[in-house]
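Chemist: First the structure, then my questions, so here it is.
The values are calculated or read from the model by the stated rules, or taken from the named source; none is laboratory data. Owing to the predicted nature of the structure, the values given are computational and were not obtained by experimental measurement. Cβ: placed from backbone, ideal geometry, glycine included. Neighbour counts: every protein chain shown. Note: accessible area is taken over every heavy atom of the protein model, side chains too, but ligands, DNA and RNA are not part of it. Shrake-Rupley method; radii C 1.70, N 1.55, O 1.52, S 1.80 Å.
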Protein chains: 2
Amino acid sequence: MFSCWLSRLCRGLSTPTGRITHRIHGSLSRRLMLGSRRRIPELSSFVARTNTCGELRSSHVGQEVTLCGWIQYRRQNIFLVLRDFHGLVQVLIPQDESAASVKKILCEAPVESVVQVSGKVISRPPGQENPKMPTGEIEIQVKSAELLNACKKLPFEIKDFMKKTEALRLQYRYLDLRSFQMQHNLRLRSQMVMKMREYLCNLHGFVDIETPTLCKRTPGGAKEFIIPSREPGKFYCLPQSPQQFKQLLMVGGLDRYFQVARCYRDEGSRPDRQPEFTQIDIEMSFVDQTGIRSLIEGLLQYSWPRDKDPVAVPFPSMTFAEALASYGTDKPDTRFGMKIVDISDVFRNTEVEYLQDALSKPQGTVKAICISEGTKYLKRKDIESLRKFAADHFNQEVLPVFLKANRNWNSPVAKSIMEEQRSELIRLMDIQEDSVVLLTAGEHRKVVRSQHYDLVLNGSEIGGGSIRIHDAELQHYVLATLLKEDVKLLSHLLQALDFGAPPHGGIALGLDRLICLVAGAPSIRDVIAFPKSFRGYDLMSNAPDSLPPEELKPYHIQVSWPAESEAEKSSLNQPYHPES
Amino acid sequence: MFSCWLSRLCRGLSTPTGRITHRIHGSLSRRLMLGSRRRIPELSSFVARTNTCGELRSSHVGQEVTLCGWIQYRRQNIFLVLRDFHGLVQVLIPQDESAASVKKILCEAPVESVVQVSGKVISRPPGQENPKMPTGEIEIQVKSAELLNACKKLPFEIKDFMKKTEALRLQYRYLDLRSFQMQHNLRLRSQMVMKMREYLCNLHGFVDIETPTLCKRTPGGAKEFIIPSREPGKFYCLPQSPQQFKQLLMVGGLDRYFQVARCYRDEGSRPDRQPEFTQIDIEMSFVDQTGIRSLIEGLLQYSWPRDKDPVAVPFPSMTFAEALASYGTDKPDTRFGMKIVDISDVFRNTEVEYLQDALSKPQGTVKAICISEGTKYLKRKDIESLRKFAADHFNQEVLPVFLKANRNWNSPVAKSIMEEQRSELIRLMDIQEDSVVLLTAGEHRKVVRSQHYDLVLNGSEIGGGSIRIHDAELQHYVLATLLKEDVKLLSHLLQALDFGAPPHGGIALGLDRLICLVAGAPSIRDVIAFPKSFRGYDLMSNAPDSLPPEELKPYHIQVSWPAESEAEKSSLNQPYHPES
């Protein structure tokens, strides 16, 4: 585990929203675009309409068309604007006596009713074109109309400028989905995922493999939803990720796996988190960090929407410490500038107990990195979060050493560092004034293989992964000794590593957050068709819900009612509005 | 609901396994093939190898290659056969002194160890080619080798001819996945699904939308897994299908939806069923049965593996009664031969109480179909299953009337049918000797819209769907009055239908079963990477598993131990082998 955090790789991506200028790096993306040239989908195959409302242009004038859609609005019983997912088109309501029945249907149907109309595409009279409307040069001269479904009075108008509370939008999600923004977001998501699949499956031979969601609990799985089985006292868990399965697929020789995987995490009430979320889950055999990095660069470049500026590759990359230093600032201009240096020899005779301990172990080492001008931009809270990260993730203590302009050491351990060691360090690490040196010590096993990397887009972490440990003994040591996990729960994975596991690594991208950033949406709830509220409720169907006791019986469980809310039991059949 | 079962559509597909000759219907499929022409995937991008083992041919002779794979076997410490997902290749173990370290690695590594070798592709000496092996003309002259991971002694040999018990295969699934058959099945599945996505998304503008799996329970959801939430007594359920959500998406104007959807059904122990399974879930607005049928024909044709004979379209189709009659026989030669006839007028003065009742209602009708030569092939059990189907699905009673050669009616109601009615029926229905007439009566509302259809492949039902009821009032009537369901649980769907729901319909294909049939696999477990045993257990990780009580606490549940198995509690921490 030693010093993994030092090489943790963070990656910055240019913003997709155009706020920061993109660097254009077109040759690869042009080649990929050619490979993915596709026909325009047929949007009216199989159905009653001949065309979509939104596609009609001057070139369609004279054609007889049948359209299906929703009544957006009417003006003076003369014009009706019909809407489908593709756009709006103006329909002329016939005024002559012979078409009285058609007029009646089109004038009496409430707004948001569903109608089918047939007629001819005609040019609008000169001067009446609407340049703001893509179909603004034409209109439909209707010959027949059918009311397919009348709409009752709506709880709110389906107009994008309407302000609604989010609770109302979630309660009537099926109406909110008719908005331009939700239609756009869900279609963008579908298209981006489809392009990712083309890249992975068709261009690079990945195999799309579904892994189970009724699983065994994982060590430390306190955030896992549980599912009682028909076996008394036995539970499945919903997985936080397909991590174990994708590694087992590598052991199984599947070579390159991906999945658009549903994952589950029960974090209680947290804003902008969902109890179920989706990740683009990828794993490859015989790969290193560079390979994963190229894969992800190509994947995002290929799937990036064409109406956004292309993604520049290679992605700027930086170590964890560098990224930390640059949070909230512009991109750092140092890349791979810091080296991890083994300084064990300097401290063979140290009096610092922590370092002594480490060096007394068979594989004990002391390593360090030097952050130039660190005292200028590393705040105390940065150092603290770095120490916490190292402690949480790698069970490593980090000792920061600040070198002040007067060349006095400023650190809890500074006074225990001898002058000779000090000079040697300065020479080895190329320490300058205002440098910050970060020291860590521990047992050095073959863990510089468990490299971890993150993909960061506009300050949001949207991906993370690592080159895995494929050595059973080492993995056991990490789990049992360093992470203090219950190894029994992972015995099948440990055993699998013993039976010819190839070296492998992978990454997982948070799809909801990625699409959210690309779409410029305010919340991940805006890129999910049916999201839960921040308290985990489906406000439309009212889930979770109470169950009759007989439905718990086959699962051998009963509810433990908290003492203070005994009263709730009697109100079980009342409608419950948790967010109100 | 009335008479829906009469028009229930069954479809037969030619067998994909070549046992029955395919009819070739190439024009559409050729056009589609051109549209989907694709480049060959790059299988060695991003990784340490230059080539896969299986791809090397004479044309590679002279090339320097790096290969990664598993040691399949060794002969006399001279030859080593290396395997990856793509195939086998023969490696020459160097015998000269200077390459002693390479020889040591390749000779000492146990079978199924993972190695990386670099060397030159050379032709095999004349006479030593192996025509049975795709790479049989060449071998690898190795220059360097690295042992990436040594394999411990295996529980069974990874050879396809080895017979293993299925429980052992499931316990060591990651080893079983290395077999040719599992590699083939999972790759076939991935490729077929990818082609389906291309057809739906790229050719026909469908939107891939993810729907939730933490849901509200549905009416009659006794087979739904339950998930306790952090709200005392409140549970989510895992969905048996995304049915409600896909209909709500149509109300939301998404127009054409699809999803490769994970579904859940807790059926306890049933052979060849899985507690979680996958369906290709499709829904369209403004579509009728013919449209769905064309869509499915095109979908299967486009996604059908090229090394199988192409799928013939249009699919042969038949009514439910016809299909029933033909079960176990050859394909019936009647197509669309039977008409549903409204015979209400014949029975205006009937004495049959059941028919009287129906006709006394405002929309009451009596309808019938006549099955020619039905007495020859309809067995009593066929009639019974048809009656049961109608009763279960549509709350309709079916009265079979057999017409014997002597023209005597043979039926419980026969004696109540007057001679005049009899003659009129014979004329209207074109009743012949040996015909069977099926009568049904009920309220005729606008339900000839709720048509149901099934897709049947080689006698296995792999798909089913319907044109939905988009009228809120009618749907309420069907749910509450006919199906006796708790309408409260579906109030959001009923309300949605009131707010401008378009006419819509769809279908769901059982993906596991479809792939199983196409692959010719003996069980759906052979086309799923990590299936559960027939008792719902994951034999590899041992799920479901017991949980410590503190993990149940946040969910306000406790286990109700059955009295007879109190003893089990004390053995909670013992390994448990449910299938042994």
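Chemist: Excluding ligands and nucleic acids, what accessible area in Å² is computed for residue B:86 using a 1.4 Å probe, to the nearest 10?
Modeler: Surface accessible to solvent at residue B:86 totals approximately 80 Å².
Chemist: Follow-up. Based on the alpha-carbon gyration tensor of region A:181-267, what equivalent-ellipsoid semi-axes (square roots of 5 times the eigenvalues) come out, in whole Å, largest first? Can you show the working numbers first?
Modeler: Details: eigenvalues 167, 80, 19 Å².
Over the Cα atoms of region A:181-267, the semi-axes work out to 29, 20, 10 Å.
Chemist: Checking the a/c ratio against 1.5 first, then a/b against b/c, what shape does the Cα gyration tensor give for region A:102-167? Could you put the intermediate results ahead of the total?
Modeler: Details: a/c = 3.22, a/b = 1.30, b/c = 2.48.
Taking the square roots of the gyration eigenvalues as a ≥ b ≥ c, region A:102-167 is oblate.
Chemist: Oh, and also: Under 13 Å Cα to Cα from residue A:159, which aspartates and glutamates show up? Leave out anything in the same chain fewer than 8 places away.
Modeler: The qualifying aspartates and glutamates are A:112, A:176.
Chemist: Just the Cα atoms of region A:173-323, one point each, no solvent: what log10 I(q)/I(0) does Debye give at q = 0.10, 0.21 Å⁻¹?
Modeler: Results for region A:173-323 at q = 0.10, 0.21 Å⁻¹ read -0.50, -1.34.
Chemist: Moving on. Once the convex hull of the C-alpha atoms of region B:41-196 is built, how many Å³ does it hold per residue, rounded to a whole number? Mind dumping the intermediate values first?
Modeler: Working: hull volume 22.3 nm³, N = 156.
In region B:41-196, the Cα convex hull volume per residue is 143 Å³.
Chemist: Continuing with this model, one more query. Amide H to amide H, which residues 5 or more places from residue B:143 or on other chains are under 5 Å from it, using H placed in the peptide plane?
Modeler: B:118, B:119, B:120
Chemist: Which ³J(HN,Hα) values, rounded to whole Hz and listed in residue order, are derived for region A:346-354 from phi using the Karplus coefficients 6.51, -1.76 and 1.60 in 6.51 cos²θ - 1.76 cosθ + 1.60 with θ = phi - 60°, glycine and proline given as x?
Modeler: 4, 10, 4, 10, 5, 9, 6, 4, 4
Chemist: From the backbone phi of region B:178-193, what are the Karplus-calculated ³J(HN,Hα) couplings (6.51 cos²θ - 1.76 cosθ + 1.60, θ = phi - 60°) in whole Hz, Gly and Pro given as x?
Modeler: Values per residue, Gly and Pro as x: 6, 5, 4, 5, 5, 4, 4, 5, 5, 6, 4, 4, 4, 5, 5, 5 Hz.
Chemist: Obtain the nm distance between the two label points defined at residue B:163 and residue B:147 by a simple spin-label model: each point lies 7 Å from its Cα along the Cα-to-C-beta direction.
Modeler: Placing both labels 7 Å along Cα→Cβ, they lie 3.5 nm apart.
Chemist: Report, in listed order, any pair from A:484/B:163; B:153/B:532; A:104/A:153; A:553/B:532; A:195/B:164 with a Cα-Cα distance greater than 31 Å.
Modeler: Numbers: A:484/B:163 40 Å; B:153/B:532 26 Å; A:104/A:153 19 Å; A:553/B:532 23 Å; A:195/B:164 40 Å.
Where the Cα-Cα span goes over 31 Å, the pairs concerned are A:484/B:163; A:195/B:164.
Chemist: Further question on the same structure: Among A:286-295, B:224-233, B:347-356, how do they line up by average Cβ neighbours within 10 Å per residue, starting with the highest?
Modeler: Details: A:286-295: 19.6, B:224-233: 21.9, B:347-356: 16.5.
Result, highest mean Cβ count within 10 Å first: B:224-233, A:286-295, B:347-356.
Chemist: Mind giving me the nanometre distance, one decimal, between the label points for residue B:59 and residue B:230, set 7 Å out from Cα along Cα→Cβ?
Modeler: If labels sit at residue B:59 and residue B:230, their model points lie 5.9 nm apart.
Chemist: Also: Would you be so kind as to identify which of B:181, B:154, B:134 lies farthest towards the positive end of the dipole of region B:117-186, taking Lys and Arg as +1 and Asp and Glu as -1 on Cβ and the Cα centre as origin?
Modeler: B:154
Chemist: May I pose another question? Using 0.36 nm per residue of separation minus the Cα-Cα distance, give me the extension gain between residue A:363 and residue A:535 in nm, one decimal. Working shown, then result.
Modeler: Details: separation 172, 0.36 × 172 = 61.92 nm, distance 4.79 nm.
Extra length available between residue A:363 and residue A:535 comes to 57.1 nm.
Chemist: What residues does region B:482-530 have that are buried by at least 20 Å² of accessible area in the full protein assembly compared to the chain on its own, 1.4 angstrom probe?
Modeler: Buried on complex formation: B:492, B:495, B:498, B:499, B:500, B:503, B:529, B:530.
Chemist: I need the calculated FRET efficiency for the pair residue A:108 and residue B:494, taking r as the beta carbon distance and R₀ as 30 Å, to the nearest 0.05.
Modeler: Once rounded, the FRET efficiency stands at 0.80.
Chemist: Taking Cα centroids, how far is region A:133-148 from region A:353-380 in Å?
Modeler: 73
Chemist: Separation between the residue A:223 and residue A:308 pseudo-spin-labels, each 7 Å from Cα along Cα→Cβ, expressed in nm?
Modeler: The two pseudo-label positions are separated by 2.4 nm.
Chemist: What does the C-alpha gyration tensor say about the overall shape of region B:89-134? Classify as rounded when a/c is under 1.5, otherwise prolate if a/b is larger than b/c, or oblate.
Modeler: Values: a/c = 2.33, a/b = 1.47, b/c = 1.59.
Oblate, because a/c is 1.5 or more while a/b does not exceed b/c.
Chemist: Another one. Quick check on region B:474-549: take the gyration tensor over C-alpha atoms, sort the square-rooted eigenvalues as a ≥ b ≥ c, and tell me if it's rounded (a/c under 1.5), prolate or oblate. Walk me through the intermediate numbers first.
Modeler: Details: a/c = 3.25, a/b = 1.70, b/c = 1.91.
Verdict is oblate for region B:474-549.
Chemist: When Cβ neighbours within 10 Å are restricted to other protein chains, what is their mean count per residue of peptide A:199-206? Display every interim value, and only then the final one.
Modeler: On the way: counts 0, 3, 9, 9, 6, 6, 11, 4.
The per-residue average across the peptide is 6.
Chemist: By how many nm would the segment from residue A:156 to residue A:551 lengthen if fully extended, with 0.36 nm per residue of separation less the alpha-carbon distance? Don't skip to the end; give the middle numbers.
Modeler: Details: separation 395, 0.36 × 395 = 142.20 nm, distance 3.70 nm.
Here the segment from residue A:156 to residue A:551 would lengthen by 138.5 nm.
Chemist: Would you pull out the residues with amide H under 5 Å of residue B:546's amide H, same chain only if 5 or more places away, H placed 1.01 Å from N?
Modeler: A:235
Chemist: Probe radius 1.4 Å, ligands and nucleic acids left out: can you give me the accessible area buried at the B-A interface, summed over both chains, in Å² to the nearest hundred?
Modeler: Numbers: alone 30880 and 30850 Å², together 49170 Å².
Buried surface at the B/A interface: approximately 12600 Å².
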